[in-house]
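*Asks:* Dumping the structure here so I can ask a few things about it.
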Amino acid sequence: MRSLTTSMIWTIGLVLGAAVFVPLTWMDWKSSGPDSGPPTESFLEFILRWVADPFTATYPLSGLITAGRYWWLGTSRRGRSIPAQE
């Protein structure tokens with residue numbers, strides 16, 4: 001097993017933050033029709049429209065910040081990176 005690096009932590013944070021976006025968008029799409037009924041457009045069309053919104057960047061950014069802070073707090077007590085468990 002390898003030690004965690006800063007770039008690995010940032011990548012994991014970005015991916016996890018982006019992964020939160022998909023289920024939330026799915027719930028919004030399911031209620032996007034007239035009077036919160038069934039949707040009138042496909043999920044692909046809906047998600048492509050929502051991805052273009054600048055607010056969408058907050059999901060991966062939040063994941064990056066959370067993962068980075070968590071890693072920093074865990075390693076700052078020891079003064080070094082956490083060694084890999086074998």
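The values are calculated or read from the model by the stated rules, or taken from the named source; none is laboratory data. No experiment lies behind these values; they were computed from the predicted model shown. All Cβ positions, even for glycine, are placed from backbone atoms using ideal geometry, and neighbour counts span all protein chains on display.
*Asks:* Among residues belonging to the stretch 41-55 that are of a type outside the set (A, V, I, L, M) and out of contact with any Phe, Trp or Tyr (no Cβ under 6 Å at 6 or more places or on another chain), point out the one that is farthest from Trp26 (Cα to Cα).
*Replies:* Narrowing the stretch 41-55 to residues of a type outside the set (A, V, I, L, M): 41-43, 45-46, 49-50, 53-55.
Checking the rest, the ones that are also out of contact with any Phe, Trp or Tyr (no Cβ under 6 Å at 6 or more places or on another chain) come to 41-42, 45, 49-50, 53-55.
On the way: Glu41: 12, Ser42: 11, Glu45: 12, Arg49: 13, Trp50: 11, Asp53: 16, Pro54: 18, Phe55: 16 Å.
That would be Pro54.
*Asks:* Test Thr75 against the stated conditions and say whether it is surrounded by 10 or more Cβ atoms within 10 Å (Cβ to Cβ) and either over 21 Å from the mean Cα position of the chain (by Cα) or at pLDDT 90 or above (or both).
*Replies:* Considered against the rule, which asks whether it is surrounded by 10 or more Cβ atoms within 10 Å (Cβ to Cβ) and either over 21 Å from the mean Cα position of the chain (by Cα) or at pLDDT 90 or above (or both), Thr75 comes out as yes.
*Asks:* Residues in the stretch 13-40 that are closer than 22 Å to Tyr70 by Cβ, out of contact with any Phe, Trp or Tyr (no Cβ under 6 Å at 6 or more places or on another chain) and not aliphatic (A, V, I, L, M): how many?
*Replies:* Of the residues in the stretch 13-40, 2 are closer than 22 Å to Tyr70 by Cβ, out of contact with any Phe, Trp or Tyr (no Cβ under 6 Å at 6 or more places or on another chain) and not aliphatic (A, V, I, L, M).
*Asks:* On the given criteria, is Thr56 in contact with a helix residue (DSSP H, G or I) (Cβ under 9 Å, 6 or more places away or on another chain) and either of a type in the set (Lys, Arg) or loosely packed, with under 11 Cβ neighbours inside 10 Å (or both)? Explain how you work it out, then say what you get.
*Replies:* Details: in contact with a helix residue (DSSP H, G or I) (Cβ under 9 Å, 6 or more places away or on another chain): yes; either of a type in the set (Lys, Arg) or loosely packed, with under 11 Cβ neighbours inside 10 Å (or both): no.
Against the criterion (in contact with a helix residue (DSSP H, G or I) (Cβ under 9 Å, 6 or more places away or on another chain) and either of a type in the set (Lys, Arg) or loosely packed, with under 11 Cβ neighbours inside 10 Å (or both)), Thr56 does not qualify.
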